[in-house]
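Worksheet for the structure shown next.
The values are calculated or read from the model by the stated rules, or taken from the named source; none is laboratory data. Predicted, not measured: the structure shown is a model, and the values here were computed from it. Don't worry about glycine lacking a Cβ; one is built from the backbone with ideal geometry, like all the others, and counts go over all protein chains shown.
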């Protein structure tokens, strides 16, 4: 099983130092990690996902670059196809694109998009437009088709979801699952991995890659758990704090690197292809620490 690392794009002190994102990207690229990941928010203080893609392509030369996830409805599909193809070209084919409908109406409103478009059908329709653009079809009234064409076969497309219905519908267009575990429920992970494989088989698609991600904090249990709580209070700012605190009590992993290694072994036994760790602190030291003790 491969291990990816997520950039700390949702941390409250991300911008305290000008070079945090570059330092993290280079550390991940120089280490044993399989992918460099980041998520998308609109009504938040994180970097724009597509702008960051260009920078990450320049800062790295080895790891896959994985968006977890981009919401197609927040973007014009032709413009999004062009941006992703550009990122795929700049990274020489290292791009994986997680796509999902998202869970926040405020992000839709911030992008000037009707939240009523937050459906699986709307997402699939936009993915179809993007594939047509990448195939070189004329999808606009222009003299030349919109380019560039992606690198080689184009970026891997993953469905980012926790929901069975979305997984089944995505079997028609996605290459795999970019899942998310809130509380490291291994039985639920196993169920979603199996559902994904079954749905792809029924659709007569190639065997999908199945991935999951979760928050982590390193240290003594109480201090690490408090770090997860701090992160979630900032990130889940659209949810009443008492509900966030209830989630934070069991969310993700809080403990030592050896405990995390044991947890990852159990996930690997489920046939998971990759786990993408999500930090809850901006310090890059944890990347180096885990590279030495875990990967």
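I'd like to know if the stretch 84-94 contains one or more residues that are under 14 Å from the mean Cα position of the chain (by Cα) and at pLDDT 95 or above. Within the stretch 84-94 (the criterion being under 14 Å from the mean Cα position of the chain (by Cα) and at pLDDT 95 or above), the answer is no, since none of the residues qualifies. The criterion of at least 2 residues that are within 24 Å of residue 33 (Cβ to Cβ) is met, among helices (runs of 4 or more DSSP H) falling completely within the stretch 188-291, by 221-235, 257-268.
Taken over the stretch 1-18, the criterion of being surrounded by fewer than 21 Cβ atoms within 10 Å (Cβ to Cβ) and either touching a helix residue (DSSP H, G or I) at 6+ places or on another chain (Cβ under 8 Å) or in a loop (DSSP other than H, G, I, E, B) (or both) is satisfied by 1, 3, 12, 13, 14, 17, 18.
With respect to (1) under 21 Å from the mean Cα position of the chain (by Cα); (2) surrounded by 20 or more Cβ atoms within 10 Å (Cβ to Cβ); (3) more than 15 Å from residue 1 (Cβ to Cβ), the lone exception for residue 224 is condition (1).
When residues in the stretch 51-74 are screened for being farther than 26 Å from residue 162 by Cα and either modelled with pLDDT under 95 or not in a loop (DSSP other than H, G, I, E, B) (or both), 7 of them pass.
Note on the stretch 75-187: enclosed helices (runs of 4 or more DSSP H) holding 3 or more residues that are buried (at least 21 other Cβ atoms within 10 Å of the Cβ) are 77-90, 120-134.
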